[in-house]
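Encoded as structure tokens, the structure appears first; notes follow it.
Every number in this text was worked out from the coordinates using simple rules, so none of it is lab data. Everything numeric here is computed off the predicted structure, so don't read it as measured data. Neighbour counts are summed over all protein chains in view; Cβ atoms, including those assigned to glycine, are modelled from backbone coordinates with ideal geometry.
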Amino acid sequence: MTQDWTSLMAHMPNRFAPSMSKDHPNLPVVREEGGYYVGPEGQKYLDFTSGIAVTNTGHRHPKVVAAIKESADHLIHGPIGVIVYESILRLADELAGVLPGNLDSFFFSNSGTEAVEGAIKLAKHVTRRPYAVSFTGCFHGRSLGALSVSTSKSKYRRFLQPSGLVYQIPYADPRSRFPDENPEVRCVEELEKDFERLFAHQVTPEEVACVILEPVLGEGGYVIPPKAWLKKVREICDRHGILLIFDEVQTGFGRTGDWFAAQSFGVTPDIMAIAKGIASGLPLSATVAPKELMNQWPMGSHGTTFGGNPIACSAALATLEVIREENLLENARRMGAHAMERLKEIQRRHPIVGDVRGIGLMIGIEIIHPDTGKPDGEATLRILDLALEEGVLFYLCGNHGEVIRMIPPLTVTREQIDEGIRMLDRALTRFEQETQQPATVE
Ligand SMILES: Cc1ncc(COP(=O)(O)O)c(C=O)c1O
């Protein structure tokens, strides 16, 4: 690192909350370029994080940059409602065209957390019911409301006593809960029993405003539920007049190979929270619902100063155009399938890789202790460091930090996938050498 960077970084512990500065790996970056981050000395890192599933169109896509510049030249801030501007009007129309079902009315905000807060508030307002049901392991954000439905890690909730108006039931985990049985069928059976128990012992369905879930578990470990499980959740909600909320903050904008996971699974929610990939890196999010539902949320029941910022809306319009023009949904499906094939081969050679699972370009590589089969978060962290030394940046997830998430930009090429996986392969081998674990060679 350069002298400047070393001295700047030295101040970090005094200037930043540890909850902000101590994430992994805190990599110094001076520039982002397509699929890469560039460090202060010109080092290039292949980015398999997309800034945590945000830069789906690649870093600084020229069309997105042009849209941002063009907007900044004439309008930077627009408190929507006080003024109105073209980009937000066009964006609402465009989004309605790619969202599933009749999700066509929007409340724009700035972050995933806010979109989730809006979704829960809307559901409670419309149903006049007090309770929410969420699923163990899901992550929905860090404000007190969003946190009340988030249980990916208990440390996020410590001392905060998030609202008690939430009940939790287990998320589908086809692999670890029912490894030897027919997981599809068993997950659905268990779901029905979980709801029956909940409604019989803890809360009547008539008191439940909403069921909220991530259609693919993100922060909780990249778990992909069976389609039948999601369909059953939909059916149970319909039976009791409960609104179904999908948190598509991470799964949206092509990540799963469709515009939204709802389309990948063939299940449409009543309310959706969208963010992250929406504007290729500018802060923007939305709570989305059919207009018949949204129109029951009167003026003053929710509000925002910055939500739907004009520059962010322009970046979002360019993002949608790039996803369409460059066939990024198709690329996510093709590159995802290719990566899964390569990673399965790596799993066969490295016993510390316990599982590889994915949908589109949302892929989890689970690291275990080979003797016990237990999740190994410590090893995962070391492997990530070694992978970074090789030149590829990954991020973590999972309750024990045991899952490497591989979420490259949807613009990723076959060569970049191969290059990144080769680097991961070398990192795994180096880890095995360090810890003297034998790799199996076929
Ligand atoms: C599924 C999901 N929901 C909500 C959030 C919160 O989004 P934000 O950090 O933009 O508030 C995240 C962030 O990682 C997420 O993955």
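Checked against a 29 Å cut-off, the cross-linked pairs Lys22/Lys44; Lys22/Lys227; Lys63/Lys291; Lys155/Lys232; Lys22/Lys63 give Cα-Cα distances beyond that limit for Lys22/Lys227; Lys63/Lys291; Lys155/Lys232; Lys22/Lys63. In this structure the amide hydrogen of Tyr36, modeled in the peptide plane, comes within under 5 Å of the amide hydrogens of Asp47, His59, none closer than 5 places in sequence on its chain. Of the trypsin sites (Lys or Arg not before Pro) found in segment 108-138, the ones in coil according to DSSP and having at most 15 other Cβ atoms within 10 Å of their Cβ are Arg128.
Sorted fewest first by neighbouring Cβ atoms within 10 angstrom, Thr319, Thr2, Thr49, Thr136 come out as Thr2, Thr136, Thr49, Thr319. Residues Thr127, Thr413, Thr380, Thr304, arranged from fewest to most other Cβ atoms within 10 angstrom of their Cβ, appear as Thr413, Thr304, Thr127, Thr380.
Taking every alpha-carbon pair within the chain, the share separated by more than 33 Å comes to 35 percent.
Between the listed residues Leu410, Leu428, Tyr131, the Cα displaced farthest toward the positive end of the dipole of the chain, a dipole computed from Cβ unit charges relative to the Cα centre, is found at Tyr131. According to the Cα-based calculation, Rg over Rh for segment 1-73 is 1.04, with Rh computed by the Kirkwood formula. Take the Cα radius of gyration of segment 195-308 and divide it by 2.2 N^0.38 Å, N being the number of residues; the result is 1.16.
Projecting the alpha carbon convex hull of segment 31-76 along each direction and taking the average yields 3.9 nm². Here Val82 and Asp371 are evaluated by their C-beta separation; at R0 = 60 Å the FRET efficiency comes out at 0.45.
In a reduced charge model with +1 at each Lys and Arg Cβ and -1 at each Asp and Glu Cβ, the chain shows a dipole moment near 700 debye about its Cα centre. Taking Cα centre as origin and charging only the Cβ of basic (Lys, Arg, +1) and acidic (Asp, Glu, -1) residues, the dipole magnitude of segment 1-125 rounds to 260 debye. Kindly work out what percent of the DSSP beta bridges joining two residues of the chain are antiparallel, to the nearest 5. Around 60 percent of the beta bridges assigned by DSSP in the chain are antiparallel ones. Extension gain for Leu144-Asp385 works out to 83.5 nm (0.36 nm per residue, less the C-alpha to C-alpha distance). With the simple spin-label model, which puts each label point 7 Å out from Cα in the Cβ direction, the Val29 to Arg158 separation comes to 2.8 nm. Each principal axis of the Cα cloud of segment 109-176 was evaluated for its coordinate range; sorted largest first, these ranges are 37, 23, 23 Å.
State the percent of C-alpha pairs, over all pairs in segment 356-442, separated by a distance greater than 14 angstrom. Distances greater than 14 Å cover 65 percent of the Cα pairs.
Taken as Cα centroids, segment 379-442 and segment 343-368 sit 10 Å apart, rounded to the nearest whole angstrom. Cβ-Cβ distance of Ala10 and Arg414, R₀ of 60 Å, FRET efficiency by 1/(1 + (r/R0)^6): the value works out to about 0.90. Give the separation of the Cα centroids, segment 288-329 to segment 154-225, in Å. The two parts, judged by their Cα centres, are 29 Å apart. Annotation for segment 1-66: GluC sites (Glu not before Pro) lying in DSSP loop with at most 15 further Cβ atoms inside 10 Å of their Cβ are Glu41.
Here the scattering of segment 26-183 is modelled by Debye summation over its C-alpha atoms, one equal scatterer each and no solvent; at q = 0.08, 0.16, 0.17 Å⁻¹ the log10 of I(q)/I(0) is -0.40, -1.23, -1.25.
Working note: 222 nm ellipticity from helices only, DSSP H runs with n ≥ 4, each -39,500 (n - 2.57), summed and divided by the residues of the chain, gives -12500 deg cm²/dmol to the nearest 500. Among the chymotrypsin sites (Phe, Trp or Tyr not before Pro) found in segment 130-183, those both in a DSSP coil and sparsely packed, with 12 or fewer other Cβ atoms within 10 Å of their Cβ, are Phe159. How large is log10 of I(q)/I(0) for segment 165-219 at q = 0.16, 0.19 Å⁻¹ when the intensity is taken from the Debye formula with one equal scatterer per alpha-carbon? Relative scattering, expressed as log10 I(q)/I(0), comes to -0.57, -0.77.
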